[in-house]
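What follows is one structure encoded as structure tokens, with my remarks underneath.
The values are calculated or read from the model by the stated rules, or taken from the named source; none is laboratory data. No experiment lies behind these values; they were computed from the predicted model shown. Cβ placement follows ideal geometry from the backbone for every residue including glycine, while neighbour counts extend to all protein chains displayed. Protein only, heavy atoms only, side chains kept; ligands, DNA and RNA dropped before computing areas. Shrake-Rupley method; radii C 1.70, N 1.55, O 1.52, S 1.80 Å.
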Amino acid sequence: QVQLVESGGGLVQAGGSLRLSCAVSERAFSTYAMGWFRQAPGKERGFVAAINWSGEITYYKDSVKGRFTISRDNAKNTVYLQMNSLKPEDTAVYYCNVARRLAGGQYSPSDYWGQGTQVTVSS
């Protein structure tokens, strides 16, 4: 059973930064694409960013381009989401996911999710 554990969320003022981490208990981690999603109250969970197995290819939701950076450390089985210039509309629970498929910019999530980490941005 693959386990994912997110950390790094918290309360920050608008314009601030946070770095989320997702540790994955899968020996084959370095072969999987990974993604970050978020879910705000009353809304569906939506895609934020994705990274391919090597870390060379990344994709972002339009509204976070230039502010968020996804990266990974395959030696540590960890994927990161650096979030800068945070806005109140970024407030959500953030989840990481092991990709079922990432091709041509299209991300298909697997059933493997972490428990989520809360990010709250105050205005």
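What number comes out for accessible area per residue over the chain if the probe is 1.4 Å? Units Å², please. Show your work: numbers first, answer last.
Details: 6560 Å² over 123 residues.
Using a 1.4 Å probe on heavy atoms only, each residue of the chain averages 53 Å².
What's the FRET efficiency of ASP62 with SER25 using the Cβ-Cβ distance as r and R₀ = 35 Å, to the nearest 0.05?
Details: r = 32 Å, r/R0 = 0.91.
With R0 = 35 Å, the Cβ-Cβ based efficiency is 0.65.
Can you tell me what percent of all Cα-Cα pairs in the chain are more than 25 Å apart?
Numbers: 1192 of 7503 pairs.
Looking at the chain, the distances longer than 25 Å represent 16 percent of pairs.
If the chain between ASN52 and GLN1 were fully stretched, how many nm would it gain, using 0.36 nm times the residue separation less the Cα-Cα distance?
On the way: separation 51, 0.36 × 51 = 18.36 nm, distance 2.13 nm.
Stretched out fully, the ASN52 to GLN1 stretch lengthens by 16.2 nm.
Let me check against my output: what whole-number percent is the relative contact order of the chain, with C-alpha pairs under 8 Å and at least 6 apart? Could the numbers behind the result be given before it?
On the way: 303 pairs, mean separation 42.9, N = 123.
Computed over the chain, the figure is 35 percent.
Packing-wise, with mean Cβ within 10 Å as the measure, how do 47-55, 69-77 rank, highest first? Provide the component values of the computation, followed by the final result.
Details: 47-55: 19.4, 69-77: 15.6.
In decreasing order of mean packing, 47-55, 69-77 become 47-55, 69-77.
Cα convex hull of the stretch 6-76: how many Å³ per residue? Please report the intermediate quantities before stating the final value.
Values: hull volume 8.1 nm³, N = 71.
Hull volume normalised by residue count: 114 Å³.
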